[in-house]
Every structure is written in C-alpha cells, then in structure tokens.
Amino acid sequence: MKANITVLGGDGIGPEVTREGVRVLQRVAQIHGHQFVFDERDFGGIAIDRHGDPLPEDTLASCKSSDAILLGAIGGPKWSAPDAKLRPEAGLLRLRKELGVYANLRPVAVHPALENATTLKPEVVRGVDLVFVRELTGGIYFGAKTRSATDASDLCSYSAAEIERVTRVAGALALARRRKLTSIDKSNVLDTSRLWREVVTRVMKAEFPDVAVEHILVDAAAMHLIRRPSDFDVIVTENMFGDILTDEASMLAGSLGLSPSASLGDGRRGLYEPIHGSAPDIAGRGIANPVGTILSAALLLRHSLGLEDEARCIETAVARALDTGLRTADIAGGSTPSSTAAAGTAIVELLR
Ligand code: IPM
Ligand code: MG
C-alpha cells in the first residue's frame with residue numbers, strides 16, 4: 001500500500017528518536033512491499049524559532065492531508081520562561097484538537113527481560129499488560145484560562161458526548177482484550193467526575209455488557225498502580241489524570257523511554273508519539289532510547305494503516321532485541337549502553 005506519513009521531529013531528543021522510527025518504517029515498507037512517503041515538518045520550539053508559531057500552517061496542512069503523523073517530542077528550557085508568549089506545548093494541544101484525536105492509547109507491558117530494570121520489585125511488575133485510554137481533547141487542558149498578577153484559573157469541563165466517545169474506544173479495546181475496564185475519576189469532589197462516572201456506567205452497561213467495569217478514585221488508583229499493577233487491563237480516564245498516571249505507569253516497564261502512544265479520533269488518521277518528553281539534558285548526545293518511538297510506529301501501522309502483521313513484526317523485533325540484551329542508557333544498569341542509532345540498527349536488523 002501507499003501511505004503518506006508526516007514526521008514531526010520536534011525538539012531535544014525528538015529528532016534523534018524519530019529518525020530511528022522512520023528507519024524502521026522504511027525497512028518494514030521494503031520487506032512487505034509498501035510505499036511510505038515521509039514529509040518532515042517543523043513543530044514545537046524549533047517552529048517557534050523558525051516561523052514564530054509552534055504549529056505553522058504548512059505543518060498543520062501536511063498533518064491533515066497525511067494518513068498518520070509520527071511525532072518525537074517538543075519543548076525545552078529555551079521556550080519555558082514564565083512570561084513566554086509562545087509555547088511549544090500550545091502547538092501540541094492545538095494539533096491534537098485540530099486532528100480531533102480524543103482518545104490517547106498508552107499501553108504498558110512489562111518485558112520479561114526488563115523485570116529487573118524497574119525500581120519496583122520484579123514480582124510486582126511481572127506480567128503487567130495494561131492500556132490507558134486517556135481523554136485527550138477536553139478537560140482542564142482546554143478550558144478557559146484567566147490570569148492576573150494575583151489570581152489564576154483553569155476551567156475543567158466535560159460534556160456527556162466527550163465522555164461517551166472515549167468510553168466507546170475503551171470499551172471496544174477491553175472487549176478485544178481481557179474484558180476488564182477501570183474508570184478513574186475524582187467523583188467524591190468534582191462534578192466533572194460525577195458526570196464521568198455516570199456516563200461511563202451507562203455506556204458500558206448498554207453497549208459493552210460483557211466487560212467488567214470498576215470505578216476507582218484517582219488518588220487510590222495512583223497507589224494501586226504500583227501495588228497491584230497486573231490487575232489492570234484497560235483504564236479510561238480524563239485528560240489530566242491520564243497525563244499524570246501514564247508517567248507513573250510507564251515506570252512499571254522500566255523506563256519512560258519504552259512507552260509508545262497512539263492518539264485516535266473518529267477516522268483512521270492518528271498521531272503517534274512516545275510518551276516521554278524532549279529530555280533537553282541528554283539531547284544531541286545520541287543516547288536516548290528510541291524504543292518508545294519505534295513502538296509508536298508499530299501502533300501507527302496497526303491503527304492508521306491497518307497493517308497488523310507489519311505492526312507485530314516491529315513489536316517482535318523490539319522484544320527480540322531486548323531479549324538478546326539490547327540496552328540503551330536508561331535501562332542499562334551495569335551493562336554497556338547502546339547508542340540511539342545502534343539500538344535502531346539492532347531493531348532494523350531483526351525485522352522479518
Ligand atoms: C504528554 C505531555 C503533554 C501533555 C505536554 C507536553 C503538553 O506531557 O503527552 O503526556 O501534557 O499532554
Ligand atoms: Mg505527559
């Protein structure tokens with residue numbers, strides 16, 4: 001098949017990891033006889049520097065006319081001054097909104113060879129295989145903001161329709177997995193959470209009666225995620241809780257650098273990015289872990305291009321690479337770490 005993929009390297013380690021993601025996709029195309037056309041565009045801090053806009057019009061146009069978008073990471077100290085007028089993060093939020101990608105899938109699976117890479121006990125993380133479905137285009141991230149010298153406010157609001165559609169994504173995913181859905185909210189305090197719980201309960205009962213549903217308050221969920229992580233299958237939650245808990249959950253797998261994500265809307269087009277940030281402290285040193293991005297490329301093949309076999313081919317190559325000892329600095333422990341490029345090459349060579 002032929003597919004157009006927009007590549008947004010972004011800032012910091014973003015371009016380094018997306019380079020490896022693209023190499024993997026190119027090799028998959030070669031092996032399986034596809035034609036992937038890559039269109040690289042400026043996005044984030046680098047786009048502020050070059051075009052005065054974190055999401056320039058031509059970048060957005062490329063994203064909207066492509067089949068899928070592969071994104072590295074954005075942001076950095078250069079654009080983070082408290083009085084900064086333009087922020088890379090604003091470009092990312094606008095891109096998510098413009099693309100209508102309201103459901104953010106963030107899987108966390110513990111690879112057996114990495115049970116010891118986590119800061120938790122191996123027996124706690126053994127067998128963990130969960131997916132977060134984070135609501136991505138609503139809530140406090142997108143509410144009205146006010147700011148004066150002495151006061152500030154960020155409004156959190158949700159409509160039933162916004163909750164319904166993300167619940168359907170989570171319900172369908174749970175049905176295809178272990179048929180268990182955990183919904184996380186703060187319904188003992190927040191009205192948005194009370195609506196959330198009501199809508200999730202109604203949609204699941206009516207449309208996914210075979211999925212077991214539980215509701216947990218976000219503070220307790222933060223605890224249970226490190227106490228009994230293997231009990232979770234699919235987790236659905238609102239935007240900000242999802243942001244926070246997915247960083248926590250990624251550590252179950254050993255490193256933030258291993259976690260991929262897929263942001264999906266009603267159509268097939270999706271935005272794929274590792275969940276880590278731009279890591280300015282290690283940018284340009286060629287030591288970042290490209291696995292989160294490479295696994296995001298696998299999700300891209302699965303969800304936007306419908307290429308399940310090819311997606312598995314990448315996931316198998318990553319698993320084999322880890323099995324045979326591939327370790328970037330973030331998971332090296334005492335062993336000699338591989339560079340970003342060497343890790344990419346090792347995975348490319350394992351693709352079948
Ligand atoms: C993420 C990031 C973003 C978010 C930032 C960069 C705006 O932390 O994708 O998790 O908060 O959504
Ligand atoms: Mg985050």
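Pick from TYR102, TYR272, TYR158: which is most flexible by mean-square fluctuation in a GNM of the chain where alpha carbon atoms under 10 Å apart are linked?
TYR158
Considering all alpha-carbon pairs of the range 245-346, what whole percent are spaced by more than 16 angstrom? Don't skip to the end; give the middle numbers.
Details: 3044 of 5151 pairs.
The share of Cα pairs beyond 16 Å in the range 245-346 comes to 59 percent.
Can you list residues from other chains, or at least 5 along the same chain, whose modelled amide H is less than 5 Å from the amide H of ASP53?
Amide H neighbours of ASP53, under 5 Å, 5+ apart: ILE48.
Rounded to the nearest 5, what % of DSSP beta bridges with both residues in the chain are antiparallel? Intermediate values should be presented prior to the final figure.
On the way: 16 of 45 bridges.
Rounded to the nearest five, the antiparallel share is 35 percent.
How big, on average over all directions, is the shadow cast by the Cα convex hull of the range 1-144, in nm²?
Across all orientations, the range 1-144 yields a mean hull projection of 11.4 nm².
In the structure displayed, which of LYS121/LYS180; LYS85/LYS186; LYS2/LYS64; LYS145/LYS186; LYS2/LYS85 lie more than 28 Å apart, Cα to Cα? Don't jump to the answer; show the numbers that get you there.
Values: LYS121/LYS180 25 Å; LYS85/LYS186 32 Å; LYS2/LYS64 17 Å; LYS145/LYS186 21 Å; LYS2/LYS85 40 Å.
Beyond 28 Å: LYS85/LYS186; LYS2/LYS85.
Compactness ratio of the chain: Cα Rg over 2.2 N^0.38 Å, N = residue count?
Values: Rg = 19.6 Å, N = 352, 2.2 N^0.38 = 20.4 Å.
Ratio of Rg to 2.2 N^0.38 Å for the chain: 0.96.
How far apart, in nm, are the 7 Å Cα→Cβ label points at SER80 and THR336?
3.4 nm
Given the C-alpha centroids of the range 8-28 and the range 44-62, what is the distance between them in whole angstrom?
18 Å
In nm², what is the average projected area of the convex hull enclosing the Cα atoms of the range 208-266?
On the way: hull surface 20.6 nm².
With every direction weighted equally, the projected area is 5.1 nm².
May I ask you to work out the translational diffusion coefficient for the range 118-253 at 37 °C, viscosity 0.692 mPa s, via Stokes-Einstein with Rh from the Kirkwood sum over Cα pairs, reported in whole µm²/s?
Working: Rh = 15.6 Å.
Reported coefficient: 211 µm²/s.
Test of understanding: express the Cα radius of gyration of the range 104-185 as a ratio to 2.2 N^0.38 Å, with N the residue count. Write out the running numbers ahead of the final one.
Values: Rg = 17.9 Å, N = 82, 2.2 N^0.38 = 11.7 Å.
Output field value: 1.53.
May I ask you to sort LEU8, LEU155 by Cβ crowding, counting other Cβ atoms within 10 Å and putting the fewest first? Working shown, then result.
Working: LEU8 30, LEU155 12.
Final ranking by Cβ density, sparse to dense: LEU155, LEU8.
Magnitude of the Cβ-charge dipole of the chain, K/R +1 and D/E -1, about the Cα centre, nearest 20 debye?
Numbers: 40 positive and 45 negative charges, 91 e Å.
Rounded to the nearest 20 debye, it is 440 debye.
FRET efficiency for ALA61 and ALA172, Cβ-Cβ distance as r, R0 = 35 Å, nearest 0.05?
On the way: r = 31 Å, r/R0 = 0.88.
Here the calculated transfer efficiency is 0.70.
Note the full-extension length gain between SER230 and GLU207 as 0.36 nm times their separation in residues minus their Cα-Cα distance, in nm to one decimal. Before the final figure, lay out each step's value.
On the way: separation 23, 0.36 × 23 = 8.28 nm, distance 2.57 nm.
Fully extending the segment from SER230 to GLU207 adds 5.7 nm.
Assigning unit charges at the beta carbon (Lys, Arg +1; Asp, Glu -1) and nothing else, what dipole magnitude in debye, to the nearest 20, does the range 118-253 show about its Cα centre? Walk me through the intermediate numbers first.
Numbers: 18 positive and 20 negative charges, 63 e Å.
Result for the range 118-253 is approximately 300 debye, rounded to the nearest 20.
Provide the gained length on full extension for the span ILE244 to ARG147, in nm with one decimal, where the gain is 0.36 nm per separating residue minus the Cα-Cα distance.
Result for the pair: 32.6 nm of gain on full extension.
Please work out the C-alpha center-to-center distance from the range 226-272 to the range 80-125 and express it in whole Å.
Centre-to-centre distance over Cα atoms comes out at 7 Å.
What is the gain in length, in nm to one decimal, between ARG285 and ASP266 on full extension, counting 0.36 nm per residue of separation less the C-alpha to C-alpha distance?
Numbers: separation 19, 0.36 × 19 = 6.84 nm, distance 3.86 nm.
Result for the pair: 3.0 nm of gain on full extension.
Skipping prolines and chain starts, which residues have an amide H placed within reach, meaning under 5 Å, of the one on VAL213, given they are 5 or more residues away or on another chain?
The list, which skips near neighbours in sequence, is LEU181.
No lab work stands behind these numbers, since they all come straight from the coordinates. Keep in mind that this is a model prediction, so the values were computed, not measured. Positions of Cβ are generated from backbone atoms using ideal geometry, with glycine treated the same way; all protein chains shown enter the neighbour counts.
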